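The structure appears below as structure tokens.
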Amino acid sequence: MSLKNYEFWFVVGSQFLYGPEVLETVAARAAEMAESMNASGNLPCKLVYKVTAKTNQEITDIVREANYDPACAGIITWCHTFSPSKMWINGFANLQKPYCHFATQYNCEIPNDEIDMDFMNLNQAAHGDREHGFIAARLRMPRKVIAGYWKDENVQKRIGSWMRAAVGVAFSKSLKVMRFGDNMREVAVTEGDKVEVQAKLGWQVNTWPVGKLVETMDAVTEAEIDQKMAEYESLYTIATDDIETIRYQAREEIAMKKMLDAEGCMAFSNTFQDLYGMKQLPGLASQHLMAQGYGYGGEGDWKVSAMTAIMKAMAEGQTGGTAFMEDYTYHLVQNSEYSLGAHMLEVCPTVAASKPRIEEHPLGIGDREPPARLGCEGKEGSAIVVSLIDMGGRLRLICQDIECVKPIMDMPNLPVARVMWRAMPDLTTGVECWITAGGAHHTVLSYDVTAEQMKDWATMMDIEFVHITRDTTVESLEQQLFLNDLAWKLK
Ligand code: MN
């Protein structure tokens, strides 16, 4: 389901104490606020005012409905007046959807002449939101608290940003991953407990035979390939005379897409060690699938594939780019220290600074024909890299802030798409932190999704989150990891 098809329910807390007139005012204002925030263009999904809740039953009912409705990606609550929170306990105890507490107020200013005790009783969010906040804290609920004036653009954007993370939760819970072949032999970090991941994150990770893919490839028609070639020509610069290799990639892409769509999979993995019956490792084929929103992981890395798909879903409609990435090599010259990220072939062209080129080069690894692939340079700008690892008994999500630059050299003999960046807080400290936390060489790099969104997503998913920022030191990180380890053992 697309981002814009999800909605969030606005549930406003109150009680009968104030009389019907106040309750009518609260309801009218809540509807007005939802309408005005929708019209602002700052929310990626619709905010739907549902109810001014006054009883345990009303709250239990709306939570039950929210849990049941697949279009509802979360609830946003606010207390215009005071809403005694014991009546929220039964509802909250059963809430299965993401939850944001929006601590706002209808009026911006305190009206000097008008203010009296009636005004105080009607406009007591400062009072009501504290009672409301206590019960969520007491119940240890995963939640996002956003405070500020509801007409403020920055506040609206923060709610919009959280909505994207919550849609990432809905997407994750229904995500299916297609594995072609197993993980690359002997590699540890790409492994993981698929049962634990399904219970925690919802992913259905299953395998399909490469032989079935080859059969599907054989059934692709020349007319289907012609159509795909026209699509490639409209999007990319063709920089090879070997059209047959591009047509072979088109055949692979069409066949993989047919199998993914037949099973409802939005992510896939493969490995160069299991290409039985295939002439080429999918390069352009995987890259063009990623550009359409499918997640991908090389060497059987289904975890990074799923995370790529989720982060692409969170970033839907944004134009910065989100890609499967791999830390490859360093430039360690003092005061000019950079990481170079790339992959054997499969970097998503959404990160390209200019029109990607379809090129053909031999593969240094494996024993297949030289495949066509997209070459490009990554954009400049702030971004994050994200890695999900299996710690045994729990999952850890590691996120590092990075600053991407235009590659400082053109590397004319490097046959793959590349992105160059400066890791925070600096290359060597950043590497020490990443390695200390156990982060993988495979990551998802995104210019669109923010670290705050990944933290929100991890909170909603109830998994550990580690953030390496410009302020992180190795010592502080080691301390955090030590305490996290104890905390997660107790959880
Ligand atoms: Mn790799």
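The values are calculated or read from the model by the stated rules, or taken from the named source; none is laboratory data. Quick caveat: nothing in here was measured; it's all calculated off a predicted structure. Methodologically, a virtual Cβ is constructed for each residue, glycine included, from the backbone with ideal geometry; neighbour enumeration extends over all protein chains shown. Surface areas here come from the heavy atoms of the whole protein model, side chains and all, with no ligands, DNA or RNA. Shrake-Rupley method; radii C 1.70, N 1.55, O 1.52, S 1.80 Å.
Results, tabulated for the structure shown:
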{"item": "All positions within the stretch 79-107 that are of a type in the set (Val, Ile, Thr) and either within 24 Å of GLU452 (Cβ to Cβ) or surrounded by 19 or more Cβ atoms within 10 Å (Cβ to Cβ) (or both)", "result": "THR81, THR104"}
{"item": "Elements of type helices (runs of 4 or more DSSP H) contained in the stretch 89-165, each with 3 or more residues being modelled with pLDDT of 95 or more", "result": "89-94, 125-138"}
{"item": "Residue list for the stretch 137-171, restricted to those being within 16 Å of the chain's Cα centre (by Cα) and not aromatic (Phe, Trp, Tyr)", "result": "ARG158, ILE159, GLY160, SER161, MET163, ARG164, ALA165, ALA166, VAL167, GLY168, VAL169, ALA170"}
{"item": "Given (1) more than 15 Å from the ligand (Cβ to nearest atom); (2) of a type outside the set (A, V, I, L, M, F, W, C); (3) buried (at least 24 other Cβ atoms within 10 Å of the Cβ), index of the condition HIS331 fails", "result": "(3)"}
{"item": "Residues that are within 13 Å of the ligand (Cβ to nearest atom) and open to solvent by 10 Å² or more (accessible area, probe 1.4 Å), drawn from the stretch 336-362", "result": "MET344"}
{"item": "Lone qualifier among ILE115, ILE76 - being β-branched (Val, Ile, Thr) and surrounded by fewer than 19 Cβ atoms within 10 Å (Cβ to Cβ)", "result": "ILE115"}
{"item": "Residue match in the stretch 296-304 (condition: open to solvent by less than 50 Å² (accessible area, probe 1.4 Å) and basic (Lys, Arg))", "result": "yes"}
{"item": "Given (1) surrounded by fewer than 17 Cβ atoms within 10 Å (Cβ to Cβ); (2) in contact with a Cys (Cβ under 8 Å, 6 or more places away or on another chain), index of the condition VAL177 fails", "result": "(1)"}
{"item": "Residue match in the stretch 394-402 (condition: open to solvent by 10 Å² or more (accessible area, probe 1.4 Å), at pLDDT 95 or above and among the β-branched types (Val, Ile, Thr))", "result": "no"}
{"item": "Options GLU326, GLU299; residue that is modelled with pLDDT of 95 or more and either assigned to a helix (DSSP H, G or I) or more than 13 Å from the ligand (Cβ to nearest atom) (or both)", "result": "GLU299"}
{"item": "Number of the condition not met by TYR276 [criteria: (1) within 30 Å of ALA451 (Cβ to Cβ); (2) aromatic (Phe, Trp, Tyr); (3) more than 16 Å from the ligand (Cβ to nearest atom)]", "result": "(1)"}
{"item": "Complete set of residues in the stretch 281-326 that are of a type in the set (D, E, K, R) and touching a strand residue (DSSP E or B) at 6+ places or on another chain (Cβ under 6 Å)", "result": "ASP301, LYS303, LYS312, GLU326"}
{"item": "Test set (1) surrounded by fewer than 17 Cβ atoms within 10 Å (Cβ to Cβ); (2) closer than 26 Å to GLU191 by Cα - GLU231 fails condition number", "result": "(2)"}
{"item": "Residue that is open to solvent by 10 Å² or more (accessible area, probe 1.4 Å), within 16 Å of the ligand (Cβ to nearest atom) and on the phi > 0 side of the Ramachandran plot, where the choices are GLY366, GLY381", "result": "GLY366"}
